[in-house]
Amino acid sequence: MTPADCDRVAEIRVGGWRSAYRGLIPQSYLDGLSVEEDAERRRTYLSQGDGSVVNLVAEDAGGELVGWACHGPYREGEVRTEDAELYAIYVHPRHVGQGAGRALLTESVARCSAAGHGRLLLWVLKENDRARRFYERAGFRADGAEEPFEVDGVAVSEVRYSRALAR
């Protein structure tokens with residue numbers, strides 16, 4: 001991902017949230033998401049990053065940016081561990097099911113393996129059955145960890161998934 005990609009990535013991310021999390025996260029929160037603010041955050045993260053976080057984009061056959069994934073060191077609170085974490089993966093709602101998400105996940109797994117990480121972990125909304133099936137088809141399994149977080153006064157649970165990586 002380059003700074004020039006940030007506006008489109010923000011559109012994909014915000015659109016992904018509004019599509020995938022409808023009914024799982026309060027609508028008031030989803031309605032309040034701003035593509036412009038998200039794009040500015042992406043630019044800031046890129047400019048201030050230390051190189052440990054990798055942002056990948058996927059394009060369709062015509063060169064349109066249709067997906068984004070981000071991975072880096074696993075965070076145990078504020079401490080980074082030896083494992084890797086898939087922080088985010090989103091595909092534009094019009095392009096879901098066309099292979100961009102699978103390609104992004106495959107590339108993230110390959111890069112984390114090449115970097116010597118033993119595991120790739122991720123957090124997914126407990127009620128997001130579609131995403132959970134996507135990760136399970138890719139060899140990830142829920143490992144028993146669960147964490148709630150609050151969104152507009154509503155507790156939402158996430159479960160952690162893990163996949164061993166070949167070093």
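The values are calculated or read from the model by the stated rules, or taken from the named source; none is laboratory data. Note that the structure is predicted; figures quoted are calculated from it, not measured. Note: ideal-geometry Cβ built from the backbone for every residue, glycine included; neighbour counts use all protein chains shown. The accessibility values were calculated without ligands, DNA or RNA, using every heavy atom of the protein model including side chains. Shrake-Rupley method; radii C 1.70, N 1.55, O 1.52, S 1.80 Å.
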*Quote the relative contact order of segment 77-148 in percent (integer), defining contacts as alpha-carbon pairs under 8 Å separated by 6+ residues.*
37 percent
*Where the centre of each part is set by its Cα atoms, how far does segment 1-46 sit from segment 103-167, in angstrom?*
19 Å
*What's the Cα-based Rg to Rh of segment 29-149, Rh via Kirkwood?*
0.95
*Report, to the nearest whole %, how much of the accessible area of segment 72-122 belongs to carbon and sulfur atoms, 1.4 Å probe, protein only.*
49 percent
*What 222 nm value per residue comes from the helices of the chain, counting each DSSP H run with n ≥ 4 as -39,500 (n - 2.57) and dividing by all residues, nearest 500 deg cm²/dmol?*
-10500 deg cm²/dmol
*Of all the accessible heavy-atom surface of segment 1-71, with the other protein chains kept in place and a 1.4 Å probe, what percent is carbon and sulfur?*
48 percent
_Below 15 angstrom from the Cβ of Ala39, what's the summed charge of the other residues (Lys, Arg +1; Asp, Glu -1)?_
-2
*Compute the accessible area per residue over the chain, keeping the other protein chains in place, probe 1.4 Å, unit Å².*
54 Å²
*Taking GluC sites (Glu not before Pro) as exposed when DSSP calls them loop (any state but H, G, I, E, B) and at most 13 other Cβ atoms lie within 10 Å, what is the longest stretch of the chain free of them, the sites themselves excluded?*
79-167
